[in-house]
Amino acid sequence: MREFAYQRATRVREALVAGDDDGRYLGGGTNLVDLMKNGVEAPARLVDVRFLPLDGVRETPDGGLVIGATTTNSDAAADPAVRRRFPALSQAVLAGASGQLRNMATVGGNLLQRTRCAYFTDSSQPCNKRVPGSGCAAIAGEHHNHAILGWSPHCVATHPSDMAVALAAFDAVVHYETLEGAGELPLSEFYLPVGDTPQRETALPPGALITAVTLPTSAVFPRSRYRKVRERASYAFATVSVAAALDVHNGAVRDVRIALGGVASRPWRALAAENVLRGGPATAERFLAAADAALAAAEPLRDNGYKVTLARNLIAAVLTELAEETER
Ligand SMILES: Cc1cc2nc3c(=O)[nH]c(=O)nc-3n(C[C@H](O)[C@H](O)[C@H](O)COP(=O)(O)OP(=O)(O)OC[C@H]3O[C@@H](n4cnc5c(N)ncnc54)[C@H](O)[C@@H]3O)c2cc1C
Ligand code: SF4
């Protein structure tokens with residue numbers, strides 16, 4: 001492991017200056033430190049951001065929420081406004097990792113955690129994400145839990161965050177600071193398509209410090225749910241997950257949001273499925289038609305075709321549960 005300096009920042013500008021030029025921001029360290037131990041990351045300096053005034057959840061005058069970037073996953077999930085108004089977000093965070101990890105992990109760090117593709121952390125194997133241009137060992141190798149949507153021949157890995165899937169369904173916006181000023185990115189633009197640069201995962205400018213995530217308000221968001229299928233009951237990343245919100249009135253869909261996890265290099269917003277449902281009848285048949293629309297572009301790899309069936313059934317099941325609840 002390369003020697004590194006540690007610096008604790010208490011002001012945003014201090015963090016930005018220290019984070020520039022071969023420094024990395026340290027949230028809970030639950031992903032970054034692991035990557036440093038196995039040599040994937042080798043920063044000269046860690047800038048601890050947990051003492052910045054970026055902690056906590058607050059409501060905005062227009063009814064939205066601001067979640068500070070250093071808020072722990074546990075605190076974000078337990079916040080009463082998150083639980084009441086964005087239940088799928090609280091459920092998604094609680095579906096991730098373990099209690100101890102969630103107590104350490106931060107919102108900013110969760111968004112930027114790296115893929116769990118086994119070849120990414122194995123320096124004896126080719127991996128375009130770790131060493132651009134070296135190849136992708138997963139395409140011919142072990143890929144049963146890799147992407148079925150939006151992958152490229154350069155990388156077929158999935159994004160591991162549960163929280164980001166719920167944020168995608170809720171039209172969240174990521175706010176950041178750089179030495180040149182503040183900026184923001186809707187979650188739909190935050191993660192980049194894989195293309196031929198899988199090593200570039202987000203549209204954040206170099207050295208950007210995530211300061212907060214904001215959530216707008218909508219009548220459909222409180223009627224939401226996150227369901228995650230995984231290989232063990234806890235402490236495992238998603239095989240397939242669904243964040244959905246559904247508002248049904250007199251048997252018709254007034255509004256709907258659907259995002260998928262475990263299927264692509266980024267949280268996958270299923271806009272085509274939402275369009276199939278909006279304004280139409282809330283029936284089992286329509287829910288399956290929406291699932292088919294969500295997966296129409298799926299291109300499974302040799303060993304992960306099962307994910308298409310799994311995602312189809314999970315989307316339909318979550319929508320059915322939500323429809324039964326909202327009509328009650
Ligand atoms: C065994 C295990 C199981 C897990 N299971 C799940 C799971 O099922 N679902 C899930 O979603 N997650 C899971 N996690 C991931 C865990 O939730 C993440 O490790 C965690 O969210 C990362 O947060 P952190 O604050 O520790 O990030 P760190 O490890 O500190 O940082 C991660 C990255 O974010 C950058 N960073 C941190 N804060 C900022 C900031 N404010 N601005 C800019 N960059 C920043 C760092 O420089 C680094 O590149 C698991 C982790 C482990 C170890
Ligand atoms: S899928 Fe992506 S992360 Fe995994 S080996 Fe291929 S390039 Fe690397």
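Every number in this text was worked out from the coordinates using simple rules, so none of it is lab data. Bear in mind that the values here come from a model prediction, so they are computed numbers and not experimental data. Cβ coordinates were reconstructed from backbone atoms using ideal geometry, including for glycine residues, and neighbour counts include every protein chain displayed.
Quick one: Cα convex hull volume of the stretch 191-273, Å³ per residue? Before the final figure, lay out each step's value.
Details: hull volume 13.4 nm³, N = 83.
Normalising the Cα hull of the stretch 191-273 by residue number yields 161 Å³.
Quick check: Cα centre of the stretch 235-249 to Cα centre of the stretch 157-220, how many Å?
Centre-to-centre distance over Cα atoms comes out at 19 Å.
If each of R254 and A284 carries a label point 7 Å out from its Cα toward its Cβ, how far apart are those two points in nm?
Taking the two extended label points, one gets 2.6 nm.
Straight-line reach only, C-alpha to C-alpha below 16 angstrom: list the aspartates and glutamates that K37 could link to, leaving out same-chain residues fewer than 8 apart.
Here the aspartates and glutamates satisfying the reach criterion relative to K37 are E3, D122.
With r defined as the distance between the Cβ atoms of R11 and R116 and R0 fixed at 35 Å, what FRET efficiency is calculated, to the nearest 0.05?
The calculated FRET efficiency here is 0.55.
Using the Karplus curve 6.51 cos²θ - 1.76 cosθ + 1.60 with θ = phi - 60°, work out ³J(HN,Hα) for each residue of the stretch 158-170 in order, rounded to whole Hz, and write x for Gly and Pro.
3J(HN,Hα) across the stretch 158-170, in whole Hz: 9, 7, x, 6, 7, 4, 5, 5, 5, 4, 5, 5, 9.
Using square roots of five times the C-alpha gyration tensor eigenvalues, list the equivalent-ellipsoid semi-axes of the chain in whole Å, biggest first.
Semi-axes from the Cα gyration tensor: 32, 25, 16 Å.
How large is the Rg to Rh ratio of the stretch 261-323 when both quantities use alpha carbon positions and Rh follows Kirkwood?
Numbers: Rg = 11.8 Å, Rh = 12.1 Å.
Radius of gyration over Kirkwood radius for the stretch 261-323 works out to 0.97.
Taking θ as phi - 60°, what are the ³J(HN,Hα) couplings along the stretch 103-116 by the Karplus curve (6.51, -1.76, 1.60), each to the nearest whole Hz, with x for Gly and Pro?
Once θ is set to phi - 60°, the couplings for the stretch 103-116 become 5, 8, 5, 10, 5, x, x, 4, 5, 9, 4, 9, 4, 9 Hz.
Given q = 0.11, 0.12, 0.14, 0.21 Å⁻¹, what are the Debye log10 I(q)/I(0) values for the stretch 136-288, with equal point scatterers placed on the Cα positions and solvent ignored?
Results for the stretch 136-288 at q = 0.11, 0.12, 0.14, 0.21 Å⁻¹ read -0.50, -0.60, -0.79, -1.31.
Could you work out how far apart the two model spin labels at M1 and L101 are, taking each label as a point 7 Å from the Cα in the direction of the beta carbon, and quote it in nm?
About 1.8 nm separates the two model spin labels.
Mind checking which lysines have their C-alpha under 24 Å from K307, skipping anything on the same chain fewer than 8 residues away?
Here the lysines satisfying the reach criterion relative to K307 are K129, K228.
What's the extension gain from L271 to D20 if we count 0.36 nm per residue and subtract their Cα-Cα distance? Mind showing how you got there, number by number?
Working: separation 251, 0.36 × 251 = 90.36 nm, distance 3.69 nm.
Additional length available on full extension: 86.7 nm.
Given H placed on each backbone N at 1.01 Å, which residues far from T211 in sequence or on other chains put an amide H within less than 5 Å of it?
The answer is H175, Y176, E177.
Let me know the charge dipole size of the chain about its Cα centre in debye, to the nearest 20, where only the beta-carbon of Lys, Arg (+1) and Asp, Glu (-1) is charged. Before the final figure, lay out each step's value.
On the way: 34 positive and 35 negative charges, 114 e Å.
So the dipole magnitude of the chain works out to roughly 540 debye.
Output the Kirkwood hydrodynamic radius of the stretch 18-61, Cα pairs only, in Å rounded to one decimal.
Value: 12.0 Å, from the Cα pair sum.
So if I take the centroid of the Cα atoms in the stretch 52-79 and the same for the stretch 110-140, what is the distance between those two points in Å?
If you average the Cα positions of each part, the centres end up 32 Å apart.
Say we join alpha carbon atoms closer than 10 Å with springs in a Gaussian network model of the chain; which of D75, D196, D255 then has the biggest fluctuation?
Of the options given, D196 has the highest mean-square fluctuation.
Could you identify which residue out of A259, A296, A77 has the top mean-square fluctuation in a GNM of the chain using Cα springs shorter than 10 Å?
Most flexible of the set in this elastic network: A296.
Of the residues A18, A294, A147, which exhibits the maximal mean-square fluctuation in a Gaussian network model of the chain defined by a 10 Å Cα contact cut-off?
Greatest mean-square fluctuation among the candidates belongs to A18.
Where in the chain is the longest stretch that carries no GluC sites (Glu not before Pro) classed as loop by DSSP and with at most 13 other Cβ atoms within 10 Å? Please report the intermediate quantities before stating the final value.
Details: sites that count: E3, E142, E180, E231.
No qualifying site falls inside 4-141, the longest such stretch.
Grab the alpha carbons of the stretch 58-205, take their convex hull, and tell me the volume per residue in Å³. Mind showing how you got there, number by number?
Working: hull volume 20.0 nm³, N = 148.
Convex hull volume per residue, Cα atoms: 135 Å³.
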